[in-house]
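The values are calculated or read from the model by the stated rules, or taken from the named source; none is laboratory data. What you see is a predicted model, and the numbers here were worked out from it, not measured in a lab. Heavy atoms of the whole protein, side chains included, go into the accessibility calculation; ligands, DNA and RNA do not. Shrake-Rupley method; radii C 1.70, N 1.55, O 1.52, S 1.80 Å.
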Amino acid sequence: MVLTSPGGLWGLSVDHLGTPDGKSAVNEFLYGICRHVGARDHRVIEAMGAGIRTARDALREAGLEPDF
């Protein structure tokens, strides 16, 4: 499976993906708003970097190694 981001990483390296330091936002103002919009379990964005960690864990459980 190949996932792509048409917006690129914007000042982020592959090594930062899935780490607490691995957040990048083109517009910090909008990023801040989106972090707090919606109910706790239904936010516009999670803003915690857990998506990459979750994908890595699932791949490893399936015997696969992620490659970025």
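Which semi-axis lengths, in whole Å and largest first, follow from the square roots of five times the eigenvalues of the Cα gyration tensor of the chain?
Working through the eigenvalues yields semi-axes of 23, 16, 10 Å.
Pick from ASP57, ASP21, ASP41: which residue has the top mean-square fluctuation in a GNM of the chain where Cα pairs under 10 Å get a spring?
Among ASP57, ASP21, ASP41, the largest mean-square fluctuation in the Gaussian network model of the chain belongs to ASP41.
With the other protein chains left in place, how much accessible area per residue, in square angstrom, belongs to the chain at a 1.4 angstrom probe?
Using a 1.4 Å probe on heavy atoms only, each residue of the chain averages 83 Å².
Can you give the helix-only mean residue ellipticity at 222 nm for the chain, where every DSSP H stretch with n ≥ 4 adds -39500 (n - 2.57) and the sum goes over all residues, rounded to the nearest 500 deg cm²/dmol?
Rounded to the nearest 500, the figure is -9000 deg cm²/dmol.
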